[in-house]
Every structure is written in structure tokens, then in C-alpha cells.
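> Below is the structure I would like to discuss, written out as C-alpha cells.
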Amino acid sequence: MTMGPAEADAEQMRPFFALLRHLGKQCRIGSWLSMGMSDDFDVAIQEGATHVRVGTALFGSR
């Protein structure tokens, strides 16, 4: 599971998600890859996420 730095542009998260995918393959963590949140889940999915956290998208900000 990863959460990258808070960035205004979701595309800036791509390198962090790609790195986690690469490390997961190296460490053979299995098929689950949890990364991405409401603001960047689309990029996370493109980079291989199997689980995303979208609480703000569903329930709004606190």
C-alpha cells in the first residue's frame, strides 16, 4: 500500500505508483497492489492498482 505526496496534479503521482509496482514485482508480493486515493485513483489504476481508497469521492471532504 502506498500514498504518495499530496500533489495538485494526479499525473505527478505516476512515478511513485510505477515504483511501487516495480518493487512489488521484485519482492513478489503477490497480485494485490493498493495505491491511489480519490484524487489520483485513475492514474493508480493505469499503473496497476488493484485496490484504491476513494472515501472523499464517496463521502465528501471532512
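> Using the alpha-carbon atoms, what tilt in degrees (0 to 90, nearest 10) does helix 14-27 show relative to the longest principal axis of the chain?
40
> Then there's this: From the list [x] 15.8; [y] 11.8; [z] 12.1, can you say which value of Kirkwood radius over Cα pairs in Å was derived from the structure given?
Only one listed value fits the structure, namely [y].
> Further question on the same structure: Rank these by accessible area, largest first, 1.4 Å probe: Asp40, Asp9. Write out the running numbers ahead of the final one.
On the way: Asp40 20, Asp9 80 Å².
From most exposed to least exposed: Asp9, Asp40.
> Sticking with the crude label model, points 7 Å out along Cα→Cβ, report the distance from Leu58 to Ser31 in nm, one decimal please.
2.2
> Could you work out which residue, out of Gln26, Gln12, Gln46, moves most in a Gaussian network model of the chain, that is, has the largest mean-square fluctuation with Cα springs under 10 Å?
Looking only at Gln26, Gln12, Gln46, the biggest GNM fluctuation is shown by Gln26.
> Another question about this same structure. In Å², and per residue, what accessible area does the chain have when probed at 1.4 Å with the other protein chains present? List each step's numbers first, then the result.
Values: 4590 Å² over 62 residues.
Per-residue accessible area for the chain comes out at 74 Å².
> Ignoring ligands, DNA and RNA, what percent of the accessible area of region 1-44 is carbon or sulfur (1.4 Å)?
Values: 1840 of 3110 Å².
It is 59 percent, rounded to a whole number.
> Fully extended, how many nm does the chain gain between Ala18 and His51 (0.36 nm per residue separation, minus their Cα-Cα distance)?
On the way: separation 33, 0.36 × 33 = 11.88 nm, distance 1.47 nm.
Result for the pair: 10.4 nm of gain on full extension.
> In addition: For the chain, which chymotrypsin sites (Phe, Trp or Tyr not before Pro) are in a loop by DSSP, counting at most 11 other Cβ atoms within 10 Å?
Details: sites: Phe16, Phe17, Trp32, Phe41, Phe59; in loops: Trp32.
Filter output for the chain: Trp32.
> Quick check on the chain: helices-only [θ] at 222 nm, where DSSP H runs of length 4 and up contribute -39,500 (n - 2.57) each and the sum goes over total residues. Nearest 500, please. Intermediate results must be reported in sequence, preceding the final value.
On the way: 3 runs with 25 residues, N = 62.
-11000 deg cm²/dmol, from helical runs alone.
The values are calculated or read from the model by the stated rules, or taken from the named source; none is laboratory data. Please read these numbers as outputs of a predicted model, since none were measured by experiment. Every residue, glycine among them, receives a Cβ derived from its backbone with ideal geometry; neighbour counts consider all protein chains shown. What goes into the accessible areas is simple: the full protein's heavy atoms, side chains included, and nothing from ligands, DNA or RNA. Shrake-Rupley method; radii C 1.70, N 1.55, O 1.52, S 1.80 Å.
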